[in-house]
Structures are given as C-alpha cells and as structure tokens.
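Report on the structure given below.
The values are calculated or read from the model by the stated rules, or taken from the named source; none is laboratory data. Keep in mind it's a predicted model, so treat the numbers as computed, not measured. Heads up, the Cβs are rebuilt from the backbone with ideal geometry, glycines too, and the neighbour counts pull from every protein chain shown.
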Amino acid sequence: MDDLGVPPDIQDFFNVEGPSFDYGGEVEQFSNDFHLVPVTTGLWRVGPGGFREVIITSSAMEAIAYLSLNAFRYQAPYALLFMAIGNLPHPSHFEAIRLAAQKRKITLVFPNDLTGRLADIVLAMGIRCKMVSVEWQNGKVLCCAGTRTFLTEPDQLSLHAFEKACAIRTQIRTRKPNQQNSFLEQLRNQPLQTNLKSLSVAG
C-alpha cells in the first residue's frame, strides 16, 4: 500500500494487513501484477458504528484508492462506511445496503465506463426498491423503469441522465475519476510524490 501512496492513517482505517479482502467466503486479491475481484452475494465492509455516509464500490481496493484521492472531501473520514459488492450487483446487496444506510447518504463509486454506469443505475434502483431492466438495442442502451423508457448512446448513459429521463429521484449520488477509468487506476498512474502531496491537504 505504501508503494501506491496510501497514507498510514487510511491504511489503519481500512485495517489493511495484507493483499486479500474477505467478502464472507469469497476473497479479493491484489498485487502489482494482478487484481482478482469475486462475483459474490457477499460484501466486504469497513467502517465505524457512527458512520454518516455509505460509500459503495466494486472492490476493496477501489474503496482504498477513492479515500486516498478524496480524503480532502471529508472532515471526518472515520464517519464513513465502505461496502464493496464485487464484480456484479446482486439483490442481496440491495437489501444489505438498504439496511445499513437507513437515512444516511449513499454514494456510488464505480468505474467511469459503461459497466460502471450501468451498475450505478441497477444499484440505485435496487436500493430504493424500484424495478429496472437494461438491454442493448441497435448499438444503444435501453433502460426501462415501469412504463418509462430511456434510450441513449452508451457514452451518454449516467444515473443522472436516467433519472431525469424517467422522472425518478433516488437521492443517491455518484463519483467518477477525472483522469482514469477508476480511482485505483488513477492512484496507480499518479507519481507517488503527487499522491502524498495531495493527501497532506486533508490533514
């Protein structure tokens, strides 16, 4: 983690002791050469009892990278609950997130690609107990929510655009990296000195 530029306090928050993360039977594994993320009905979660916001990611490493690059956004990083769902959303995840979040803020942190944006929509709708179906139609993405439909180019798809087109408000926000497909990629591709300098602002 030091090689990635993850500061000691964030390593302590995530209780990082090695390159593997348990999802309740399935394990995520990470090294400089590979990153294996399971498809599972379980969850990896880290956070205190008094959390005020729930942040959902596809992997534990993405959660660590996200906080490493965005610690300046939070005055109290330890008031966050991180939950990683693995490579695919599952109905069991919706219920677990819903029970954990209650009336707290929910933020989705998924890759800035088509699969990540689809995950945003599927998760947000599932957490709010709303049905949605997604299909590929003549090179475009078709999302159906009840009697409302949203047909769009893949690169124009987003949770915000979907909600606006279908007159739905999940009150769930998303965060995407500006420079790479994921926060983990961004962390790995930034010079270590830059990472540490930006993190020092958060105190």
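Please give the strands (runs of 3 or more DSSP E) falling wholly within the stretch 70-169 in which 1 or more residues are under 30 Å from Phe14 (Cα atoms) and among the hydroxyl-bearing types (Ser, Thr, Tyr).
Numbers: elements: 80-86, 105-109, 133-137, 140-145, 148-152.
It comes to 105-109.
Across the stretch 75-97, the qualifying residues are those that are without any contact (Cβ under 8 Å) to a residue 40 or more places away in the chain and in contact with a strand residue (DSSP E or B) (Cβ under 9 Å, 6 or more places away or on another chain), and the one among them that is farthest from Gln180 (Cα to Cα) is Pro91. Return yes when Cys166 is out of contact with any Lys or Arg (no Cβ under 9 Å at 6 or more places or on another chain) and modelled with pLDDT of 95 or more and no when it is not. Considered against the rule, which asks whether it is out of contact with any Lys or Arg (no Cβ under 9 Å at 6 or more places or on another chain) and modelled with pLDDT of 95 or more, Cys166 comes out as no.
Taking the condition of being among the small types (Gly, Ala, Ser) and within 15 Å of Lys105 (Cβ to Cβ), how many residues in the stretch 31-85 meet it? Even if it seems obvious, please write down each step before you answer.
Step one: filter the stretch 31-85 for residues among the small types (Gly, Ala, Ser), giving 31, 42, 47, 49-50, 58-60, 63, 65, 68, 71, 76, 79, 84.
From what is left, the residues that are within 15 Å of Lys105 (Cβ to Cβ) are 47, 50, 76, 79.
Residues that pass the stated criteria total 4.
Candidates are the residues of the stretch 104-143 that are touching a residue at least 60 places away in the same chain (Cβ under 8 Å) and of a type in the set (A, V, I, L, M, F, W, C); the one that is farthest from Ile55 (Cα to Cα) is Ala119.
Screening Arg98 against (1) farther than 26 Å from Leu157 by Cβ; (2) surrounded by fewer than 20 Cβ atoms within 10 Å (Cβ to Cβ) leaves a single unmet condition, (1). Residues considered: Ala96, Ala65, Ala60. Of these, the only one that is under 18 Å from Leu187 (Cα atoms), touching a Lys or Arg at 6+ places or on another chain (Cβ under 9 Å) and not acidic (Asp, Glu) is Ala65.
Select from the stretch 68-79 the residues that are surrounded by fewer than 21 Cβ atoms within 10 Å (Cβ to Cβ) and under 23 Å from Asp22 (Cα atoms) and write down the one among them that is modelled with the lowest pLDDT. Talk me through it step by step, then tell me what you get.
In the first step, residues of the stretch 68-79 are kept if they are surrounded by fewer than 21 Cβ atoms within 10 Å (Cβ to Cβ); the result is 70-79.
If we keep only those that are under 23 Å from Asp22 (Cα atoms) as well, we get 77-79.
On the way: Pro77: 68, Tyr78: 78, Ala79: 92.
Out of the qualifying residues, it is Pro77.
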